[in-house]
1. Any idea what the dipole of the range A:282-390 comes to, in debye rounded to 20, about its Cα centre with Lys/Arg Cβ at +1 and Asp/Glu Cβ at -1?
2. In deg cm²/dmol, rounded to 500, what helix-only [θ] at 222 nm does chain A give when every DSSP H run of at least 4 residues adds -39500 (n - 2.57) and the total is split over its residues?
3. Distance from the Cα centre of the range A:59-102 to that of the range A:356-424, in angstrom?
4. Using θ = phi - 60° and the Karplus form 6.51 cos²θ - 1.76 cosθ + 1.60, what ³J(HN,Hα) does each residue of the range A:419-428 get, whole Hz, x for Gly and Pro?
5. Using a Förster radius of 22 Å, what is the FRET efficiency between A:HIS174 and A:ASP70 based on their Cβ-Cβ separation? Nearest 0.05, please.
6. Nearest 10 degrees, 0 to 90: what angle lies between the long axis of helix A:378-390 and the longest principal axis of chain A (Cα atoms)?
7. Please grab the % of Cα pairs in the range A:1-149 that end up more than 18 Å from each other.
8. With a bin width of 10 angstrom, please list the P(r) values of the range A:299-364 as percents of all Cα-Cα pairs, from the 0 bin to the one holding the largest distance.
Amino acid sequence: MIKVYNSQSQSKEDFLPSDPVKMYVCGVTTYSDCHIGHAMSYIVFDTIRRYLEYRGYSVKHVQNFTDIDDKIIANANRLNVPAKELADGLIDNFFADMDALNIQHAHIYPKVTEEISDIINLVKGLIDKGYAYQSEGDVYFRVNSFTGYGKLSHRSLDEMVTGDQGQHLDNKEHPMDFALWKSAKPGDPEWDSPWGKGRPGWHIECSSMSLKYLGETLDIHGGGQDLVFPHHENEIAQSEAYTGKAPFAKYWMHNGLLQFEKEKMSKSTGNLITIKEALSLFSSDALRLFVLSSHYRSPITYTKDNVVAMSRGVQRLRQAAFSESNATESDNIVDGEPFKNRFIEAMDDDFNTAQAVAALFDLAKEINKGQKAKMQVSKAQKMLTEFAGVLGLTLKEEESISLDAIPLIELLIETRKGLRTAKQWELADNVRNGLLALGITLEDKPSGTTWKA
RNA sequence: GGCGACGUAGCCAAGUGGCAAGGCGGGGGUCUGCAAAACCCUUAUUCACCGGUUCGAAUCCGGUCGUCGCCUCCA
C-alpha cells in the first residue's frame, strides 16, 4: 500500500486513487526562463509519476501554462515584443529544459489564453451562486462566503487580516477577496467578458483547467510549498464553491523549496540560477540525484559542491550498472531481490527517494562484490538500471567531445601505446599530460587504454 | 505580530520508542612503469542544549538557543 503525505490533513494517508490517477501539477508562469527551483519541483513530480506507473497505475497528468499575467505583460513591454510572443518562446524553452532533465511530458498542457471562455463560464457560475461579485470591471471571490477558507494552509481569515502586510484595493468587500477577473489597462492584452474587457486573475485558471480536463475531484494536486497560500487555498475555494463537491483534491502534495546559497531563491530578487545554467555544469542525472537524495518535502540548498558530490555518486552507479561481467562461477548469481524490496518499501512510504537511492547504492556495492567473486551479475545490473530509470536516471555517459576529434584522440593513444611498449615513459607521459591539458583524461586499464572528456 | 518547518559525522542526508541508511570527502588497501580511474575495507558510544516520561528516546513531553519558510509575485 502506497502512503502519501497530504498537506491538508498534515499526515500520511493510504493512497486510494481513481483509475486513471488524476494528477494536476501547477505549471509555470511564462515570463522568464525556468530556474532550478522549478527543476526540483518537476523532477519530484516526474519521479512520483514514474513510480506510480512502475507500480501499475495509469496516470493522467495535466500541467498548465499561465501565459498571461501582469509580469508577462511588464516583461513583454520592456522587451518590446507582444506578450504572446514572449510566452510562446518561453514555453519552447520550458520543453527544452524538461527534455534535458529527462522529465516526462504531461499528457495535456493547457494554456490560459486558450481557455478564456471556460474561465469566463466558471467566473459566471461563481457570481450566480453568490461566491463572487463584480466591482468596477473586476470580479472578486468573496472569501467570507466559503466556509472552508483556510483549511489547506491552516489559518483563519482573522489571522490573515491581522498579519497581512500587502496592499489592498479599496473596491473589495473584504481585504482577502481575490481577483477572478481583472479589467484591462489600455494596451494590455484583453478579452471580452460580461464585465468588460480584461483577463483572468491568477488562480482561476487552475480551477478551470483541472475541472475541464480531470473532473471535479483530483487525486493528486502538486506544486511547490510556496503555492499553498494563496494559490492552492484559492483554488480549493473556487473549485469547491463551484462544484459543491469536496474535496477538490484528495491528496495535496507540496515539495520543499530549493534554497540558493543560504537564501531563498526567488524570481523577485533575481537570486536564481536557470536550469540551462545548471545543465551547463552538471548532467541531468547529477541534478536529479541531487534532488532525490533528500526527501521531497524538505528544503534543499543548491551549491556547486553539493551537486559535484552527486556527479560522483552517479558515476558510481553507472560503473556498477555497466561493468563487464567476468563471471566464471555460473551457479553463483548476485541476488537483487532484497534491494528491490527495499526500493519499493521506501518509495511506497510517501516516495522516500532518499532511502530508495540508498538501496540503489547498496545494490551497486553488491554487484561490485559479485564481480570480484566472478559471480553472475547481469540480472542485478538490469535491476539497477531499471530502478535508476524509475527515478529518471539515465546512467548514460555524457558525450561532450565533437565526433571529429575522436579519431585524432585514438591515434594519439595508439602512438602512446608504442612509446609505452618501448618504455619511453617520459614521452608517453607527455602525450597523456598534453591531452589532459585539453580536457581529455586517459585511463590505462588491463584491457587497454580508454579516454574520457 | 500570527502560522509552520527544521537543527543527525568535515559536507549532503535517511531514520520518529529497541544496538545511528546511503552518498561525497578523509584514511588504509588491491590494481598499475608511474599516474589516473575503478573496486574493497574503514570513518558518529552518538543525534543543538537543558530537564522530564520510559526497562529503553535522535525518535514522546516541557523549556532554552539557533536556522529557515509562509502571511505580497513565486515551483
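1. Working: 14 positive and 14 negative charges, 91 e Å.
Using Cβ point charges on Lys, Arg, Asp and Glu, the range A:282-390 gives about 440 debye.
2. Working: 15 runs with 199 residues, N = 453.
One gets -14000 deg cm²/dmol as the mean residue ellipticity at 222 nm.
3. Each part reduced to its Cα centre gives a spacing of 38 Å.
4. 5, 5, 4, 7, 6, 8, 4, 5, 5, 4
5. On the way: r = 22 Å, r/R0 = 0.99.
For R0 = 22 Å, the calculated efficiency reads 0.50.
6. That works out to roughly 30 degrees.
7. Working: 7607 of 11026 pairs.
The proportion of pairs with Cα distances above 18 Å equals 69 percent.
8. 18, 37, 33, 10, 2
Bear in mind that the values in this text are calculations on the coordinates, not laboratory data. Computed from a predicted model, the values in this text were never measured in an experiment. Backbone-built Cβ (ideal geometry, glycine too); neighbour counts: all protein chains shown.
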